[in-house]
């Protein structure tokens, strides 16, 4: 510590140790923050159609479009160390051979931002259960809009408390297909919710189906079993019923979605 | 003249402090940074805002750099003096200088 350079190095060296230790304690503090998640999922409508689920599908295959209700309270997943929660709803159904584990396919997902996360276009905006539309915020000047884009969304701008969801007859974000190309008449299908908690510092944690210390097990979280109906069981399929929900991640090239512009063919 | 100026610049950059000052600087580093870390955690935890933790921690670190790195006068309060000049062969004979238990000088 005799010269300024040596003191500089010593202070910086100990600073890194302190920074790491504080980060470690913050990471551990997540585990003493109680979690009491609950979710109830109900199937609204399921349809199986044969067609091209994506514009890049090279052959026709069977795909399912599942609508659901979701009432969930994940407010306790947000503690001071939570950056965002990635929520996903998956359809779980037995594989064609009994020796293989069940197939899982995600039909809907959302990124729930915490109070401290800066604004991002991919963050989930809860639709208004009355109008079914996304909440229209009061008009702001362009300057105010640009400024608010770097800041986290304030609690007052939310329809429900952070982490609370009340979705009614929600369209899926993704239509699902099976690797065999066949989905109809499959039995024992359930919808299951899952999540990742992404902290500011520390470990990524998954859905807790079991109680772990202060973290209660998820209550509910699974729908009752249903089956994928046979194609053509319902005479006419309304195209509107097969629509998918677009997230904030930009348009996706799917059935009913944006189509690529093709040059008119010369015939 | 330029030599003298250069000497001053070198002294300022090197920023040497005395032995007691070094002990004090070492102790202050540990105490200040340790306290900054502990305060940063609790401030963030109580306000439930992790960014506050970051800012308190960084502010504490900046303060520590400011206190420790420059050769403040309070680090030079116990300068180690030179031995008296040895102008005659017998001048130092009344001093006891031990080097590793051996008497020298």
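Values in this text are rule-based calculations from the coordinates and carry no lab data. Just so it is clear, the structure is predicted and the values come from calculations on it, not from any experiment. We place every Cβ from the backbone using ideal geometry, glycine too, and count neighbours over all the protein chains shown.
Observations, loosely collected:
- Taken residue by residue and averaged, Cβ atoms of other chains lying within 10 Å of the Cβ of A:26-35 number 1.
- Kirkwood hydrodynamic radius of chain B, Cα pairs, Å: 18.0 Å
- For the residues of B:46-58, the average number of beta carbons from a partner chain within 10 Å of their own beta carbon is 4.
- On full extension, the segment bounded by residue A:166 and residue A:100 gains 20.3 nm, given 0.36 nm per residue less the C-alpha separation.
- For the peptide B:6-19, the mean number of other protein chain Cβ atoms found within 10 angstrom of a residue's Cβ is 2.
- In plain terms, the chain from residue B:102 to residue B:13 could stretch by 28.3 nm, reckoned as 0.36 nm per residue minus the Cα-Cα distance.
- You can think of it this way: the chain between residue A:237 and residue A:9 has 74.9 nm of extra reach, that is 0.36 nm per residue less the Cα-Cα gap.
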